[in-house]
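The structure appears right after this line, and notes come after that.
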Amino acid sequence: MGSNNNVFFGDEESQLSGGTNRVQPYSSTPKKNTIDDDGKKQNFLSLSQRLGIPDFFSLDVWRASMGELLGSAVLVFMVDTIVISTSESDTEMPNLIMSILIAIVLTILLLAVVPVSGGHLNPVISFSAALVGIISMSRAIIYIVAQCLGAVLGALALKAVVSSTIEDTFSLGGCTITVIAPGPNGPVTLGLETAQALWLEIFCTFVLLFASIWMAYDHRQAKALGLVTVLSIVGLVLGLLVFISTTVTAKRGYTGVGMNPARCLGPAIVRGGHLWDGHWIFWIGPTISCVAFYVYTKIIPPKHFHAEYGYKHDFVGVVKALFGSNV
């Protein structure tokens, strides 16, 4: 049942082997041909196989998506609670405390969800993994839908336990670019310019993929470092990026980089209002970063990345199948 392409941010089958709960690292044995899920060599895959259309009809995939749904719900509830509580605290550097707590929470949640679904909890991870070819685009779509639904549930849970005053003041800890505040001559808009926010989202999301998620994609590093270390680094890097984005800008109205479109979507749907202002930035920015990261994986020497052995869902392979190329 397990795939030969074992990777931390792959599907749930690539995490487990022989029905055990032991996480398996990448196999370091070179494979010269594209390998299917049964370990059979394939020289050509149809477009349906490249896209993973059968995943839409797989009960196991939908069951795995429940891990993404519940994990995303807990993530949104915990992270937004941290955002609100640290902002309310009297500490001199609330953004530092917030970043540390977010890093810890994310690491714990990733460790909990990895054996179930591969531990994405973020459309950025799912989309990037689909482009690289670690999972199919069909599975990525299922995961992203589950993550968004989970984010809405998490925001609803937070709304149910906080007072209306806190909800109004902190907008359920949602992602904002600007806010409208009272000024001496009437309401004024506080926050970042759209271009600044977009560039921050692109840069920080790319750094997240390059500096941490890459370790999970790279079979050599994943095997050498181990699951706990890799996921701890992912949490640490994300926490650092949150701290940097909130410290460098230091502007009221801007909540920092999202790097997780689902987390931004949940409060926006539940709370609405100004959370929709500039919301597209939290989707377009990470999308650009994922594409840039995929291009990077195709530029570097193949021997430095498992892609030379043929991920069957690789985006280039999908395009070739679309146009009927056997190459």
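The values are calculated or read from the model by the stated rules, or taken from the named source; none is laboratory data. On a predicted model such as this, the values are computed, not experimentally measured, just so you know. Here Cβ is always computed from backbone atoms with ideal geometry, including for glycine, and neighbour counts include all displayed protein chains. Just the protein is used for accessible areas: all its heavy atoms, side chains included, with ligands, DNA and RNA removed. Shrake-Rupley method; radii C 1.70, N 1.55, O 1.52, S 1.80 Å.
Things worth noting here:
- Test for Gly52: is it farther than 25 Å from Arg271 by Cβ and either among the hydroxyl-bearing types (Ser, Thr, Tyr) or at pLDDT below 90 (or both): yes
- Criterion (in a helix (DSSP H, G or I), in contact (Cβ under 8 Å) with a residue 24 or more places away in the chain and farther than 21 Å from Tyr143 by Cα) met by exactly one of Ser245, Ser289: Ser245
- Residue count, region 248-283 (criterion: open to solvent by 60 Å² or more (accessible area, probe 1.4 Å) and either free of Cβ contacts under 8 Å to residues at least 40 places away in the same chain or within 18 Å of Trp199 (Cβ to Cβ) (or both)): 7
- When Ile125 is tested against (1) under 14 Å from the mean Cα position of the chain (by Cα); (2) closer than 21 Å to Thr246 by Cβ, just one condition goes unmet, and that condition is (2).
- Qualifying residue in region 124-142 (condition: in contact (Cβ under 8 Å) with a residue 40 or more places away in the chain, under 13 Å from Asn260 (Cα atoms) and open to solvent by 50 Å² or more (accessible area, probe 1.4 Å)): yes
- Enumeration of residues in region 164-175 that are open to solvent by 10 Å² or more (accessible area, probe 1.4 Å) and among the polar types (S, T, N, Q): Ser164, Thr165, Thr169
- Residues that are over 18 Å from Val76 (Cβ atoms) and open to solvent by less than 10 Å² (accessible area, probe 1.4 Å), drawn from region 223-247: Val230, Leu231, Ser245
- The condition of being farther than 26 Å from Gly150 by Cβ and at pLDDT below 80 holds for only one of Ser3, Ser28, that being Ser28.
- Which listed residue, of Leu109, Leu45, Leu59, is of a type outside the set (Val, Ile, Thr), at pLDDT 85 or above and open to solvent by less than 50 Å² (accessible area, probe 1.4 Å): Leu109
- Among the residues making up region 86-103, those that are farther than 17 Å from Ser232 by Cα, open to solvent by less than 60 Å² (accessible area, probe 1.4 Å) and in a helix (DSSP H, G or I) are Thr86, Pro94, Asn95.
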